[in-house]
1. Around LYS63, with a cut-off of 12 angstrom between Cβ atoms, what is the net charge of the other residues, counting Lys and Arg +1 and Asp and Glu -1?
2. For region 1-55, what does the convex hull of the Cα positions come to per residue, in cubic angstrom?
3. Considering the values [x] 21.6, 68; [y] 17.3, 49; [z] 14.6, 46, which represents Rg and Dmax of the Cα atoms in Å as calculated for the structure under consideration?
4. Please give the peptides 60-68, 8-16, 37-45 ranked by average Cβ packing (other Cβ atoms within 10 Å per residue), highest first, as a rough proxy for protection.
5. Hand me the tally of lysine pairs in the chain: alpha carbons under 26 angstrom apart, and the pair either on different chains or 8 or more positions apart.
6. For PHE88, what charge total do you get from the other residues with a beta carbon under 14 Å from its beta carbon, if Lys and Arg give +1 and Asp and Glu give -1?
7. Using a 10 Å cut-off around each Cβ, can you sort ARG19, ARG70 from fewest to most neighbouring Cβ atoms?
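Quick note: the coordinates plus some simple rules give every number you see, no bench work behind them. Source: prediction; values computed, not measured. Positions of Cβ are generated from backbone atoms using ideal geometry, with glycine treated the same way; all protein chains shown enter the neighbour counts.
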Amino acid sequence: MTQVAQSVIAGNFKPGFVRQGFAEGMLAVAPFGPSVPAATQQLVNDSVASLDKGFNPFTGPIKDNTGVVRIAQGESWGGDKMGNFDWFVEGVVGQAK
């Protein structure tokens with residue numbers, strides 16, 4: 001059971017903005033359908049395992065789709081900065097604004 005659910009049951013819930021994912025147990029991969037190739041299943045499971053071990057996919061250098069470095073080499077963005085994305089990553093076609 002999540003911490004949020006436990007706090008509601010305990011009567012001490014405090015509203016707030018929370019960003020959590022696989023590493024915190026807030027997300028899980030749904031079962032794969034029969035048409036998902038084994039190699040794809042392995043890739044997804046390996047990716048989730050790396051997140052569980054602390055891998056941060058928001059570690060630079062990361063450029064936006066105009067070539068501007070948005071997250072510098074060695075810098076990592078956590079949940080506190082996830083609301084700051086107002087740009088598309090390199091390779092995505094389009095404009096965010």
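1. Taking every other residue near LYS63 into account, the sum is -1.
2. Per residue, the Cα convex hull of region 1-55 comes to 102 Å³.
3. The value matching this structure is [y].
4. 60-68, 37-45, 8-16
5. Final tally of qualifying lysine pairs is 6.
6. Charge balance near PHE88 sits at 0.
7. With the sparsest Cβ surroundings first, the list reads ARG19, ARG70.
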